[in-house]
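J.: So that we are looking at the same thing, I have put the structure below in structure tokens.
The values are calculated or read from the model by the stated rules, or taken from the named source; none is laboratory data. Keep in mind that what you see is a predicted model, and the values were worked out from it rather than measured. Positions of Cβ are backbone-derived with ideal geometry, glycine not excepted, and every protein chain shown enters the neighbour counts. Quick note on the areas: whole protein, heavy atoms, side chains included, nothing else; ligands and nucleic acids left out. Shrake-Rupley method; radii C 1.70, N 1.55, O 1.52, S 1.80 Å.
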Amino acid sequence: MKRILFSVVVVLLSLSAQANSFYFAWNGIGVATKFNYNIGGSYGAYYYRGVARGLGLGTYEFYQTINTYYSREERATVGQSIRTSIQYRFFSPMIVLQMEPTGQFQMYFTGGIGELQSGGEAIQKKWSRAAWAPQTYDSTIDFTKILSKYTVRMGFGFTQFAKLGRNFHLFVNEDFGFMATPIADASGGQFAGLRTNPANILMPSYASLRVGIGLITHSKEKRFPWRLYAGKNDPGF
């Protein structure tokens, strides 16, 4: 995977320096689409360059905090809950599509790998309160040690731009991403007995809203600086 991402970067840098290039840094917030516990902060940057009319290629790097809490069984006599508050650093290639002639509205697709960051929390609780059972229990299990060091994420999003001055632009970004691989291995039986598929918890999806500042090269004199194209001249749309 890392070799593929490195190859993408090399290809982008080898393209004409006169092509329109986009550099962005942003901060944002997101929520899990299932079992959401709290807002998960995110921040990062991405870069892409026009390679054809209406098409751009680039790279995408960001940090995402994943806050989830499975608690559907809390009232059950025998049950369990799962709470996560962890962070991954994601890096991936991205494909950008211009959605209208001005280029002011764009859509992108990403797919890459995430690396687990230190300092997170992953807690599983199991209990049995049955009076008829030979033994009752209420245990807390820290499963951070079995979290996947790497996970694969797929995503897409939409971006809208507004001019700020010179080559700088404000942008608002709506992003949706989902884990294509689980954040922990459920095959060992630790999550057996859950009243839902463990994948629903261990492969979370996130919807995020992000705001940031972008630098678009060669854009200050252009009427539509957000257009994607190869080379130094805007071909018109």
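J.: So, Arg72, is that one open to solvent by 20 Å² or more (accessible area, probe 1.4 Å), charged (D, E, K, R), on the phi < 0 side of the Ramachandran plot and assigned to a strand (DSSP E or B) or not?
T.: Numbers: open to solvent by 20 Å² or more (accessible area, probe 1.4 Å): yes; charged (D, E, K, R): yes; on the phi < 0 side of the Ramachandran plot: yes; assigned to a strand (DSSP E or B): no.
Here the answer is no, as Arg72 does not meet what is asked.
J.: Checking Ser148 against (1) at pLDDT below 90; (2) more than 18 Å from Met107 (Cβ to Cβ); (3) surrounded by 12 or more Cβ atoms within 10 Å (Cβ to Cβ); (4) not basic (Lys, Arg), which single condition isn't satisfied?
T.: Unmet for Ser148, out of (1) at pLDDT below 90; (2) more than 18 Å from Met107 (Cβ to Cβ); (3) surrounded by 12 or more Cβ atoms within 10 Å (Cβ to Cβ); (4) not basic (Lys, Arg): (1).
J.: Right, another one. When only residues in the range 93-111 that are crowded, with 21+ Cβ neighbours inside 10 Å and farther than 25 Å from Asn38 by Cβ count, which is modelled with the lowest pLDDT?
T.: Just the residues of the range 93-111 that are crowded, with 21+ Cβ neighbours inside 10 Å, to begin with: 94, 96, 98, 103, 106, 110.
Narrowing the set further to residues that are farther than 25 Å from Asn38 by Cβ leaves 94, 96, 98, 103, 106.
Details: Met94: 96, Val96: 97, Gln98: 96, Gly103: 93, Gln106: 97.
This residue is Gly103.
J.: So, one more: Those residues that are open to solvent by less than 10 Å² (accessible area, probe 1.4 Å) and either over 18 Å from Phe176 (Cβ atoms) or assigned to a loop (DSSP other than H, G, I, E, B) (or both), I need them from the range 15-57; list them, please.
T.: Once the filter is applied, which keeps residues that are open to solvent by less than 10 Å² (accessible area, probe 1.4 Å) and either over 18 Å from Phe176 (Cβ atoms) or assigned to a loop (DSSP other than H, G, I, E, B) (or both), the range 15-57 yields Ala19, Asn20, Ser21, Phe22, Tyr48, Gly50, Gly56.
J.: Kindly provide the set of residues from the range 112-145 that are outside any strand (DSSP E or B), of a type in the set (Phe, Trp, Tyr) and open to solvent by 70 Å² or more (accessible area, probe 1.4 Å), ordered by number. Lay out the reasoning, then the answer.
T.: We begin by selecting, within the range 112-145, every residue outside any strand (DSSP E or B); these are 117-120, 129-136, 143-145.
If we keep only those that are of a type in the set (Phe, Trp, Tyr) as well, we get 132, 143.
Result: Trp132, single match.
J.: Being open to solvent by less than 30 Å² (accessible area, probe 1.4 Å), of a type in the set (A, V, I, L, M, F, W, C), closer than 26 Å to Asn173 by Cα and part of a loop (DSSP other than H, G, I, E, B) is the filter here, so list the residues in the range 189-207 that pass it.
T.: Within the range 189-207, none qualify.
J.: May I ask you to say which residue of Asp234, Asp185 is under 19 Å from Ile66 (Cα atoms), modelled with pLDDT under 90 and of a type in the set (Asp, Glu)? Working first, answer last.
T.: On the way: Asp234 fails: under 19 Å from Ile66 (Cα atoms).
So the residue among Asp234, Asp185 that is under 19 Å from Ile66 (Cα atoms), modelled with pLDDT under 90 and of a type in the set (Asp, Glu) is Asp185.
J.: Tell me whether the range 166-176 contains one or more residues that are farther than 24 Å from Leu57 by Cβ, open to solvent by 20 Å² or more (accessible area, probe 1.4 Å), out of contact with any Cys (no Cβ under 9 Å at 6 or more places or on another chain) and of a type in the set (Lys, Arg). Even if it seems obvious, please write down each step before you answer.
T.: Of the range 166-176, the ones farther than 24 Å from Leu57 by Cβ are 166.
Subset that is open to solvent by 20 Å² or more (accessible area, probe 1.4 Å): 166.
If we keep only those that are out of contact with any Cys (no Cβ under 9 Å at 6 or more places or on another chain) too, we end up with 166.
Checking the rest, the ones that are also of a type in the set (Lys, Arg) come to 166.
Looking through the range 166-176, at least one residue is farther than 24 Å from Leu57 by Cβ, open to solvent by 20 Å² or more (accessible area, probe 1.4 Å), out of contact with any Cys (no Cβ under 9 Å at 6 or more places or on another chain) and of a type in the set (Lys, Arg).
J.: How many of the residues making up the range 58-69 are touching a residue at least 40 places away in the same chain (Cβ under 8 Å) and either out of contact with any strand residue (DSSP E or B) (no Cβ under 6 Å at 6 or more places or on another chain) or surrounded by 19 or more Cβ atoms within 10 Å (Cβ to Cβ) (or both)? Break it down into steps so the answer makes sense when it comes.
T.: From the range 58-69, those touching a residue at least 40 places away in the same chain (Cβ under 8 Å) are 58-60, 63-64, 66, 68; that's our starting set.
After this cut, where a residue has to be either out of contact with any strand residue (DSSP E or B) (no Cβ under 6 Å at 6 or more places or on another chain) or surrounded by 19 or more Cβ atoms within 10 Å (Cβ to Cβ) (or both) as well, the list is 58-60, 64, 66, 68.
Counting residues in the range 58-69 that are touching a residue at least 40 places away in the same chain (Cβ under 8 Å) and either out of contact with any strand residue (DSSP E or B) (no Cβ under 6 Å at 6 or more places or on another chain) or surrounded by 19 or more Cβ atoms within 10 Å (Cβ to Cβ) (or both) gives 6.
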